[in-house]
Every structure is written in C-alpha cells, then in structure tokens.
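S.K.: Pasting a structure here, questions to come.
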Amino acid sequence: MDSIIGKPIDRKDGPLKVTGKAMYAAEWNIPNLAYGITIQSTITKGHINNIDTSAAEKLKGVLGVMTYKNAMQLHTLSGSDPSSGKFAEKDLLPFQSERIFYNGQHIAVVIAETFEVAEHAASLIKVTYNEEKPVFDINQPEAKIYQPQQGLGGTQVQVKRGDAEQGMSNASTKIEQTYNTPVYHHNPMEPHATSAVWNGDTLTVYDATQSVFGNKNAISTMLGIAPDKVRLISPFIGGGFGSKGFMWANSILAPMAAKFINRPVKIVLERTGQMFTCAGRRSFTIQKINLGTDNGGKLTSVKHETTSETSFVDEFVEPAGVATKMIYATPNLDITQNIVRLNKGTPCPTRAPGEAVGTYAFEVAMDELAEKLNIDPVQLRLINYAEKNPDDGHRFSSKNLKECYEKGAQSIGWSNRNIKPGSTKEGNFLVGYGMATATYPANRSKATVRLKLYQEGNAVAACCTQDIGTGTYTVMAQVMSDALGLPIDKVEFKLGDTIYPQGPNSGGSQTMATTGPAVRAAALTVKSKVIKLAVADKKSPLYNQTEDAISVDEGKLFVTSDNLKGETYSQILTRAKMPLVETEITTNVSTRETQKSESNPTTKQGGEQGGQGQQSGGQQGGSKDESKDNPFVKQDQDLDRSNVAFHSFGAQFVKVLVDPLTCMIKVDKVVSIMDVGQILNEKTAKSQIMGGAIFGIGMALMEGSVYDENTGRIVTRDLADYLVPVHADMPTFDVQFTNVKDEFISPVGARGAGEIGITGITAAIANAIYNATGKRVRDLPITPDKLIV
Amino acid sequence: MFNKEDNALLDDNKGTTRREFIVRTSAFTAAITIAKYPVKTIVDKINQPEAGNVVVTINVNGKSKTLEIDARTTLLDALRENMHLTGTKKGCDRGQCGACTVLVDERRINSCLYLAAMCDGSKVTTIEGLGTEDNLHPMQQAFLKHDAFQCGYCTSGQICSAVGLLKEGHAKTDDDIRELMSGNICRCGAYQNILDAVKEVQNA
C-alpha cells in the first residue's frame, strides 16, 4: 500500500477557491439583509459629549443608528482562552458607555438598506467629545511600565535560571545590544466581517474567525442567551494570522444591530482605518539582550529584557523572550518582560506571538556574538546546541536541528559567504549571506470528531475547527483516507460550523496536530466496527478471521496474507442492511508546559476525561462519545509524555543583494529547512513555510505602523501606507523538511507548521544585510535610508 | 469645445478610475456622455442621491443584466451585493490590494475603482465566468495544481489579473510577471506558486 500521508495532493477545497465559490463571512445571500457601517472615535481619550444622529436618521434608506445610548446591555465575558471564547478587549464591551480609550474605537453603527446609503449616513453623524490627555507613547512621562505576571494561556514571561549576573561577570566575551521592532498589522486579505440573523430567540452568525466555537460561546455569553441558541458558521476564512483569533467588536455588534432593527445585518470592517484600529496588531518591542560566553563560544549567561505595549482595556503581552529560554543551552538565564498601558487598541497574537520578534532580536545578537568571537555563525549555534530542553531538562519529542543547519548551509551555498562584511560583489550588487535558527512550540489540545462511513463506500468526518488557508480540509481528509483505507475522493472532512463537535481554535499552530489524532482514532474505530461485523458474518469471505489479520486498501477489506480473500465496506454494510457506521471520538492531550500539571494528559485521568465525552456542543447531537476504553484513544493518551518537551525547529538561510548606490535591498534566495515532524501534505506544508518567510521579509524590509506623535492616531491606515510584500519583492524559495515522524506528539506524528516559518527569517535577512554591507541596523524595518546614513 | 483631456476621457473612459472620474468630471459635466448617461447625470445623482437611481445594463459573464442601482455603487458592490457574484472580493475598496480584479472588455481592472454606471454596455468577466468546478479555465487549473493560494481570498483577483496579464502579452521573464502581478497582494504568501501557475499557462 502506498500511503497518502505526505503526498502533495491538490487542496480538497481548491476547486471552490479557484472558481470563487468558497463562501466567506460577508458573502451569504441572506434575504432582507441590511448593511451596517461602524464609525470610530476621532479622539484618543475622553468621553463622548454628544452624538447627533438626526441628519443620518432622516436619510431615506436608513434603518437605525446604534450608539451607547440605545444599544442593548451586554454581559461581561472575562475568559482568556480563545478556544472557549476570548473577547479581545474585556473591559471595553462595545457601546456600553460613553468612554473613549483609544483613537479609532467603535462608537456607532449606522444601518441602512444599502451599503451606499449607510456610508453616506455615517458621514452625517456629528460627534462632540470631552477630551482628556491621552498616553499613547512609551516616552511620555505619564506612561507607566510594569511587569506582567504571565502571558497568554499562562505562559511564563519572567524566567530566571542560575545566576545571570554571575554568569555574565565570568564571561570572557560579551555583547549588549538593544533591538527595536515596530507595531505590525496582520492585514489578512479578508477584512473582519460578521453577518447576523435572528430567528425568534435563536441566532445564526456568519463570522470570519479563527475560533468558531470560541466566538459562539463569547457571543452567547455577552448576549446573555444559552449557547445552544447560537449557531456560528465559518467554513472559509480569508486569512487571520492571529487577528481573528480573539473576538473583536464586529462579531457582537452585528447580532446587536440585527436585534436593534429586527432584520439581518452585515458588518464588514473597512480596510482604511478600521483594520488598523479595531482588529488587533502586534505590539512594538524594545529588546535588550546581553550574551556572555567563555573562550570557546559557549554561552555562560543570557539576558533578554523585552518591553511591549498593551491597552487600558485588556492585557496582552508580546513575550519576545519566550523562545530564548529553550533555544540554546545556557546555565544562567534572565528573561524579563515589561509592559506599558497606552491609549491604543489592544494588541493580540500575530503569527508566532513572541517568537517572531524574539528570534529576530536574539538571532541577530547571536550573529553579532559570532563576529566578535570570530566563529562561523553556524558553528556558534552548534557549540551551544541544546540536546535537552534547557528550560526543564526534558528530552525533546524529536529534534533534528543539526540536519537542518547542514542542509540549509549546503542549499544556500554558505561556503561562498565571505566572513568579512561589505567586501563581496556579484555584478553591481553587494552580496551577503545570513542564517538563523527557527523554533516554535508544538502545541496540541483537545478535539472531538464525529465520523460516518456510509453504505455507498464514502466517509464524512466533522469537527468544529477551521481552515484559515492552512490546509485543514485537505490534510484531515488524508488522515481519514489513510486510516480507513479509502480513496481520497471518497472521504470528506467538514469544519467551521458549531453543529459539529468541538475542535481546537486555529492558534498556536495546533489545528492539525490536535484534530489529526482524533480523526485517526475515529476512522480506526469505524474501520474496526466494520471488520467486527464481517468476521462474525458467515456470509463474509472474512468470516472467522482475526481483526489484526485484515488490511484495507481502496475501500476493500482483505486478509493480509491472501488479498484475494475479501470484500468492500459497501458489500459488508449492504448485507448487514446498515446505511452507515458511525462514531464520535475525543482525544485530549496537552503538550503545553504550562498546562501539563493542571490536567496531565499522560495519566489515566486524562483518558477518562476524554472518555466521559463533553456534550460535544453540537445541536444535532446523535452520536455518543465512544472514547472510553477505546484502544486507539488509549494508545494515544496513555503514552507517557511527562518528561517530554514539544518543540519544532528549523534553519533559515538567506542570500541578499544590496545596491551600493541606492542601498535598495533585494532578498535573492530563502532556504528554509524545517523539522516539524511527519509531513501530511508536502505541497500545503511548503506553502505555509513560504508564507511565514514572506511575513518575515515584510518585517525585515518594509512593514511597520506609524502613529501620530501629537494625537496618537494611526498614520499608516491603509495598504498604500502600510507596505506588505508583493510579487516584485519575491526571492526564490527552497523549502525542505526533515520529515521525521514525532512518536511522542501523536500516532499521526505531525507537528504544526503555520507559525515556525516566520521565526528566525527576519534575523537571517538582517544578518545577510550586515554581511553584504557591514552596517548593522537594529531598528526594523531595514529601509535604504538607514543603510545610507 | 472640448480640450484634449476631455477627449481623452471620452476615448478612454474604460481606463478611468472612479476617483479620477469624479474629480475630473466635476469640473466639466456639461455635455459629456459616458455610455448612456451624460456624466452630469451621474455626478448629480452622486451628489444628490435622492434624485433617484440609475439603470445600468452590463454584460456579465456572457449574460446581459439590467440593474437599477444607486449611482454611487461601485462595479465591485454591484457584482457582490446586487448580482450575488461574490467570487470577486473586497479587500480594501481603495484600489490598493487587487482582490477585486475583474476583466472589463478583456482588460484587467480594479472593480472597486469603477462605478457600475461607468460600465453600462460593457462586457465584464468575473472569476465565475472563467470556468466552473467541473470545467476549470486553464489558469484556474494551474492555480489548483501549483497550490497558488492558501486562504483563497485574493485568488479570484490573482487569476483574473493573470488572465489579463497574458492577454496583454508584455511579460517575457519571471521578473516581468512578478512586476506586472504586483497589484495583487497575497498575504498568505503564495507568490512563488502563482508565478509557477502563470508560467505554466503562458508556456502551454
């Protein structure tokens, strides 16, 4: 049998996407739909004095204007876990008061028969304010800096090991540098959008979200209605990158507005302005790094102090030191996190929150250290290679980073790198090579999957999770196809609807690693049920065989030692007069270090938790959870993971060309060698890694949001001012995988690949620019003006 | 009576953006006619929406469609909201991202920068008009094969833009294709695969 696992098959949802038939949140043809446009505050702190909506309301076609004066009261939602519902700004439930906490805060929704009338009406609303002095810049004397207790999901952000000061004073070589990264905006191509339809006391929401189940919970809690009164549908999401991980105001404003005018309402954020104020961002970071080594280049001490921003209405930490605690071996470590509250919207996760900016600063510092030590940058990483997780001494589930360095160096032509910067030319261009380590945690959590195998010989599985472009539809079908022994065109995976059992949110690169094992266990359970039917049936050619003597391929079950002896799923179910065989399976394994102690997935308790079967949240219910004593669930959950650390790794190698006259930078080639466990689909996995690298090109060379120094208002408020990489900025890419199955993470053996691609890449580009020019720019982005100076 | 610029507008109204259209026409709206509406009528209706809707007939994907719509309606919104052809995407509504790219009289344009009223009598091809799931256009087939998309939101615009690009016939090298496709942003970063897809169709 030739396994479909890893095969670069075309995306299952591809035909819908290339024909424009995939339905995104703002595109459902809803009868009697009205259009909501939100307007935003133009001051940065204070109170609304008055909102005059009279002119807007008089306009023909306007159905209502919703403000804090007439909006329904909302219930507080304080949860911090996106998988069960996290509103991005817990202390700023929309339209509950006249207070203004930031510039660009939603203050009214104008609802009209058409988009054009709604836009016109929005322009007629007059707002007066009582303005107060805002704090929007960390350099203002009023800005208060403090140390947060923890990051998202209980992540440790203040980490001490050994004695960092003593380690530093014992070091023979030291560097101390500060690196700055600006605010970044995710800018998924699909703006945040929500359509809401009430039918009596039940609500259907079409929402652009990375947490379908979480947003359903958050919406029902905030509205004060039972969760089973809300259905959330989101089969396609036009990119998220973290910005649709938490729930933003549009998701609750649409149901409120629909109730307000008693008609379905659609709200779509405008790219200009709104996507830059009301949809999250990545905080700026100021990162001070101290490294000390002995004569041989071995790290004796590491200090990494980060300062980032949050808002006055919630706390989100950009934990840039999070990878520093485990990336290299060092006996002494001091990770410090500071945070400042500003009158700006609340930041939120952005592709690899912490690691993306943290590996930039840290891996540039390593490059600076290598130069000072006169050691090759790859060699310096090998000298400090961590065989075990330096954070807790645990073994890694699977780590093949040395192979990544080796292959990456070979593929980029590392031997061509001149150790003396600014000294090599290719034609008219200065040429430079740089590298960095990539790393990201291998997260996994809980998922419930319902799977049905039909008499016709096809199977459908469903789980309320997401495909945000990551390939979930496709790779889950591959797992089904492999476990059931059915052709890929006979299996279908459904997601993005709360009528299905609960799966993970799409955050922390966990969707596939979490859902895959549940899909596998469900598929094997159904296969086993059918085999049991056959071997007990005298009419079956498989009668009296033992279960493990039977194999399945292309929908046919046969005796492994005699493949002529067998019959198809279809034949077995037809004879048994069963229209289908089904199951519902939960797998519950947490690989997050912070959660291991709370609900240890390695114990029997963990298995029972899954076995008891949550209420699956589905409104259609039906199947009973069959996880308890299930051999496929036990095989997975009973594995002892108590002393195992779960991380992915990779090596990023970059070649850049710099024009010595204009200092224009061209990334010429990117080589990404990734160690992310078993690859389920080579094509979609490569696409994810390339996508991450392109985000890194944006961070290195062009992206960065600017705020007005006098008002705190965002200046870079559209895609003409906030530059993202386009076709013309592209290098050639070479993405390779170690493709080593991770025996600890799950029987599927795959770790996530959505975020690791963005880690290390920015540093590799910055290091290559230094190698080309001899100029070290420590403030991103590295624009030509900074090289000319 | 008309200066050179006026004539240019008359001759080349298909290449005029909605912003240029409003700016340029506000100064001289007297007797110019674009398609069946005098420019003055469109501008008046934009400035005074109570004056009523416009009736526009557009050939969309081979079928003639007549709409009575607000004069301010962009071609993009007319496609998505009035005709429910949601394959054409709204990414920025300012001509900065390319997600709304369609072919008007076989030329690629940003449909968010066109008023629907300017397309009266025009032939518009959207992603839905290129091919269907069972009968994909070669460019759609190539995008599928090369994984030239992830989330899929920019995809319709990329495909329409690529079809327009090949029709123009200016792209000779990889760098040409990259440059001439730079009006279409893909935030997921499928650019390399899009390049491979375009090349495959170009070389077929």
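S.K.: Select the strands (runs of 3 or more DSSP E) contained entirely in segment A:429-470, then report the ones holding at least 3 residues which are surrounded by 24 or more Cβ atoms within 10 Å (Cβ to Cβ) and touching a helix residue (DSSP H, G or I) at 6+ places or on another chain (Cβ under 9 Å). So that I can check it myself, show each step before the final result.
M.R.: Details: elements: A:429-441, A:446-454, A:459-462.
Strands (runs of 3 or more DSSP E) meeting the threshold: A:429-441, A:446-454.
S.K.: Could you grab me the full set of residues in segment A:4-36 that are surrounded by fewer than 21 Cβ atoms within 10 Å (Cβ to Cβ), basic (K, R) and either more than 26 Å from the chain's Cα centre (by Cα) or at the interface with chain B (Cβ under 10 Å from one of its Cβ atoms) (or both)?
M.R.: A:K21
S.K.: For segment A:285-379, which fully contained strands (runs of 3 or more DSSP E) count at least 3 residues that are farther than 26 Å from A:V654 by Cα? First the steps, then the outcome.
M.R.: Details: elements: A:285-293, A:299-310, A:333-341.
Where strands (runs of 3 or more DSSP E) fall fully within segment A:285-379 and carry at least 3 residues being farther than 26 Å from A:V654 by Cα, they are A:299-310, A:333-341.
S.K.: Consider A:G61 against the criteria (1) touching a strand residue (DSSP E or B) at 6+ places or on another chain (Cβ under 8 Å); (2) within 14 Å of chain B (Cβ to nearest Cβ); (3) crowded, with 19+ Cβ neighbours inside 10 Å: it satisfies all of them except one. Which criterion is unmet?
M.R.: (3)
S.K.: Related question: Could you please find all residues in segment B:57-71 being loosely packed, with under 15 Cβ neighbours inside 10 Å and without any contact (Cβ under 8 Å) to a residue 60 or more places away in the chain?
M.R.: B:K63, B:S64, B:T66, B:E68
S.K.: How many of the residues making up segment A:486-525 are crowded, with 22+ Cβ neighbours inside 10 Å and more than 30 Å from A:F646 (Cα to Cα)?
M.R.: 2
S.K.: Here are some residues: A:A763, A:A728, A:A693, A:A720. Which one is within 30 Å of A:R271 (Cα to Cα), part of a helix (DSSP H, G or I), at the interface with chain B (Cβ under 10 Å from one of its Cβ atoms) and over 20 Å from the mean Cα position of the chain (by Cα)?
M.R.: A:A728
S.K.: Right, A:R778: closer than 18 Å to A:F362 by Cα and modelled with pLDDT of 95 or more or not?
M.R.: Taking the combined requirement at face value, the residue satisfies it.
S.K.: Kindly list, by first and then second residue, each pair from a residue in segment B:120-141 that is assigned by TED's automatic domain parsing to the domain that holds B:T57 to a residue that is assigned to a helix (DSSP H, G or I) and of a type in the set (D, E, K, R), limited to pairs with Cβ atoms under 9 Å and residues at least 6 apart or on different chains.
M.R.: So the pair list comes out as B:S122/B:K14.
S.K.: Run down A:A768, A:A753 and say which single residue is closer than 29 Å to A:P517 by Cβ and of a type in the set (A, V, I, L, M, F, W, C).
M.R.: On the way: A:A768 fails: closer than 29 Å to A:P517 by Cβ.
Exactly one residue qualifies, and that residue is A:A753.
S.K.: Taking A:E567 and the conditions (1) modelled with pLDDT under 95; (2) over 22 Å from A:A461 (Cβ atoms); (3) buried (at least 16 other Cβ atoms within 10 Å of the Cβ), which numbered condition does it fall short on, given that it satisfies the others?
M.R.: Unmet for A:E567, out of (1) modelled with pLDDT under 95; (2) over 22 Å from A:A461 (Cβ atoms); (3) buried (at least 16 other Cβ atoms within 10 Å of the Cβ): (1).
S.K.: Something else now. Please go through (1) more than 7 Å from chain A (Cβ to nearest Cβ); (2) surrounded by 23 or more Cβ atoms within 10 Å (Cβ to Cβ) for B:R107 and return the number of the only condition it doesn't satisfy.
M.R.: So the condition that B:R107 fails would be (2).
S.K.: Considering only residues that are exposed (fewer than 14 other Cβ atoms within 10 Å of the Cβ) and at pLDDT 95 or above, look in segment A:145-159 and name the one that is nearest to A:T44 (Cα to Cα).
M.R.: It comes out as A:I145.
S.K.: Taking segment B:186-204 as the region of interest, how many residues are buried (at least 23 other Cβ atoms within 10 Å of the Cβ) and aliphatic (A, V, I, L, M)?
M.R.: Total satisfying the criteria: 4.
S.K.: Looking at B:G157, B:G152, which one is in a loop (DSSP other than H, G, I, E, B) and surrounded by 24 or more Cβ atoms within 10 Å (Cβ to Cβ)? Steps first, please.
M.R.: Numbers: B:G157 fails: in a loop (DSSP other than H, G, I, E, B).
None of the other options fit; the residue is B:G152.
S.K.: Still on this structure, I have one more. Of the conditions (1) buried (at least 24 other Cβ atoms within 10 Å of the Cβ); (2) hydrophobic (A, V, I, L, M, F, W, C); (3) more than 14 Å from chain B (Cβ to nearest Cβ); (4) touching a helix residue (DSSP H, G or I) at 6+ places or on another chain (Cβ under 6 Å), A:I267 clears all except one; give me its number.
M.R.: Condition (3) is where A:I267 drops out.
S.K.: Just to be sure, is A:L486 among the aliphatic types (A, V, I, L, M), modelled with pLDDT under 95 and more than 20 Å from A:D636 (Cα to Cα)?
M.R.: No, not satisfied.
S.K.: Which residues, taken from segment A:184-199, are out of contact with any strand residue (DSSP E or B) (no Cβ under 6 Å at 6 or more places or on another chain) and more than 11 Å from chain B (Cβ to nearest Cβ)?
M.R.: A:H192, A:W198, A:N199
S.K.: Moving on to the next point. Quick one: in segment A:637-678, of everything that is within 14 Å of chain B (Cβ to nearest Cβ) and in contact with a helix residue (DSSP H, G or I) (Cβ under 7 Å, 6 or more places away or on another chain), which residue is farthest from A:A772 (Cα to Cα)? Give the derivation first.
M.R.: Of all residues in segment A:637-678, those within 14 Å of chain B (Cβ to nearest Cβ) come to A:657, A:666-672.
From the residues that got through so far, the ones that are in contact with a helix residue (DSSP H, G or I) (Cβ under 7 Å, 6 or more places away or on another chain) too are A:667, A:669-672.
Working: A:V667: 11, A:K669: 14, A:V670: 15, A:V671: 17, A:S672: 20 Å.
Checking each candidate, the answer is A:S672.
S.K.: What number of residues within segment A:528-551 satisfy the criterion of being touching a residue at least 60 places away in the same chain (Cβ under 8 Å) and under 18 Å from A:S3 (Cα atoms)?
M.R.: Within segment A:528-551, residues that are touching a residue at least 60 places away in the same chain (Cβ under 8 Å) and under 18 Å from A:S3 (Cα atoms) number 1.
S.K.: In addition: From the residues in segment A:82-107 that are over 25 Å from the mean Cα position of the chain (by Cα) and assigned to a strand (DSSP E or B), which one is surrounded by the fewest Cβ atoms within 10 Å (Cβ to Cβ)?
M.R.: The selected residue is A:R99.
S.K.: If you don't mind, another one. Give the residue that is farthest from the other protein chains (Cβ to nearest Cβ), with candidates limited to residues of segment A:108-125 that are among the acidic types (D, E) and either part of a helix (DSSP H, G or I) or in contact with an Asp or Glu (Cβ under 6 Å, 6 or more places away or on another chain) (or both).
M.R.: Residue satisfying both the conditions and the ranking: A:E119.
S.K.: Return the only residue of B:H146, B:H137, B:H170 being more than 8 Å from chain A (Cβ to nearest Cβ), in contact with an Asp or Glu (Cβ under 6 Å, 6 or more places away or on another chain) and more than 23 Å from A:P235 (Cβ to Cβ).
M.R.: So the residue among B:H146, B:H137, B:H170 that is more than 8 Å from chain A (Cβ to nearest Cβ), in contact with an Asp or Glu (Cβ under 6 Å, 6 or more places away or on another chain) and more than 23 Å from A:P235 (Cβ to Cβ) is B:H146.
S.K.: Further question: Within the set of pairs 6 or more residues apart or between chains, which connect a residue that is among the basic types (K, R) inside segment A:150-177 to a residue that is surrounded by fewer than 18 Cβ atoms within 10 Å (Cβ to Cβ) with Cβ atoms less than 6 Å apart?
M.R.: Here the result reads none, with nothing in segment A:150-177 linked to a residue that is surrounded by fewer than 18 Cβ atoms within 10 Å (Cβ to Cβ).
S.K.: OK, next. Among the listed residues A:L342, A:L333, identify the single one that is touching a helix residue (DSSP H, G or I) at 6+ places or on another chain (Cβ under 9 Å), in contact (Cβ under 8 Å) with a residue 60 or more places away in the chain and not small (G, A, S).
M.R.: The match here is A:L333.
S.K.: Follow-up. Could you tell me whether A:G408 is assigned to a helix (DSSP H, G or I) and more than 28 Å from A:Q156 (Cβ to Cβ)?
M.R.: In short, yes.
S.K.: Same structure, new question: Find the residue count for segment A:37-58, including only residues that are surrounded by 22 or more Cβ atoms within 10 Å (Cβ to Cβ) and within 14 Å of chain B (Cβ to nearest Cβ).
M.R.: 2
S.K.: Among the numbered conditions (1) buried (at least 22 other Cβ atoms within 10 Å of the Cβ); (2) within 20 Å of A:T465 (Cα to Cα); (3) at pLDDT 95 or above, tell me where A:G610 comes up short.
M.R.: (3)
S.K.: Return the residue satisfying two criteria in turn: it lies in segment B:93-104 and is surrounded by fewer than 24 Cβ atoms within 10 Å (Cβ to Cβ) and of a type outside the set (V, I, T), and of such residues it is nearest to the other protein chains (Cβ to nearest Cβ).
M.R.: Going through the qualifying residues, I end up with B:Q96.
The values are calculated or read from the model by the stated rules, or taken from the named source; none is laboratory data. What you see is a predicted model; the values in this text were computed from it and never measured. Virtual Cβ from ideal backbone geometry, glycine too; neighbours counted across all protein chains shown.
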